[in-house]
Amino acid sequence: MFKKSQYVLRWVAIVSILWLLCFAPSLSSAQDTSGVTPYGIVAASTVPAAVMFGALYQNYNDFWLASNTSPFHISNDPPYTMHSDKFGHAYYTYACTDLIKIAYREVGVAPKTAVWIGAGVTLLAQTMVEIGDGFRTGAPYFGFSPGDQICNILGAGLAVGKEYALELRRIDFKLGF
């Protein structure tokens, strides 16, 4: 799974750079007032690439490396942490979506476009993690977890929702210990 992820990320980067090189003259000749440059997009794209790579690499090293492969299976997580990991899934997707949104906004991309890019990339990375878990066995937390995926969607959805509904801006994550 991890080697396939590296392969996919490599091709996404190559295709993105080639697309930017081919269409850079048309992007810059449009004289858009937003100030978006192809080089800014490439620079901002390092953030989502790092998010995806980090999520997959961390799971590979911490969980998948020492586990056994199995046919794909769905598993509702046992209450080994009283389901507190669901909060972690929601928080991670929210924070990464926001981080990617900020990176793209800094180079001039419209806020709503930037948040959708962030949500899409973050959900793609987390879905790849959940699918990778679905092919592993040897621990009670392995298996595709619908609850984890729902929390991933809720976290990214909160970040997107804050761009559209001002009332949602009052909701935020708070950590304490």
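The values are calculated or read from the model by the stated rules, or taken from the named source; none is laboratory data. It should be emphasised that the depicted structure is a prediction, and the values quoted were computed from it without experimental measurement. Every residue, glycine as well, gets a Cβ built from its backbone with ideal geometry; the counts of neighbours run over all protein chains shown. Protein only, heavy atoms only, side chains kept; ligands, DNA and RNA dropped before computing areas. Shrake-Rupley method; radii C 1.70, N 1.55, O 1.52, S 1.80 Å.
Would a scan of segment 114-134 turn up a residue that is of a type outside the set (S, T, Y) and farther than 28 Å from T46 by Cβ?
Yes, segment 114-134 has at least one match.
Looking at segment 36-76, which of its residues are assigned to a loop (DSSP other than H, G, I, E, B) and either closer than 23 Å to G118 by Cβ or in contact (Cβ under 8 Å) with a residue 60 or more places away in the chain (or both)?
Answer for segment 36-76, where residues must be assigned to a loop (DSSP other than H, G, I, E, B) and either closer than 23 Å to G118 by Cβ or in contact (Cβ under 8 Å) with a residue 60 or more places away in the chain (or both): V36, T37, S45, A66, S67, S70, P71, F72, H73, S75, N76.
Give segment 154-177 a look and list any residue that's farther than 17 Å from K101 by Cβ and either among the hydrophobic types (A, V, I, L, M, F, W, C) or open to solvent by less than 40 Å² (accessible area, probe 1.4 Å) (or both), or say none.
L175, F177
Just to be sure I understand, how many residues within segment 96-148 are farther than 23 Å from L65 by Cα and among the aromatic types (F, W, Y)?
The qualifying residues number 2.
For segment 111-153, which residues satisfy the criterion of being open to solvent by less than 60 Å² (accessible area, probe 1.4 Å), touching a Ser or Thr at 6+ places or on another chain (Cβ under 7 Å) and more than 20 Å from G88 (Cβ to Cβ)?
The answer is V115, T137.
Condition (residue is modelled with pLDDT under 90 and part of a loop (DSSP other than H, G, I, E, B)) applied to segment 114-134: is it met by at least one residue?
no
Out of segment 77-110, which residues are more than 21 Å from the chain's Cα centre (by Cα), open to solvent by 80 Å² or more (accessible area, probe 1.4 Å) and without any contact (Cβ under 8 Å) to a residue 24 or more places away in the chain?
The answer is P79, M82.
I'm told I74 meets every condition in (1) crowded, with 19+ Cβ neighbours inside 10 Å; (2) over 17 Å from the mean Cα position of the chain (by Cα); (3) among the β-branched types (V, I, T) except one. Can you identify the failing condition by its number?
(1)
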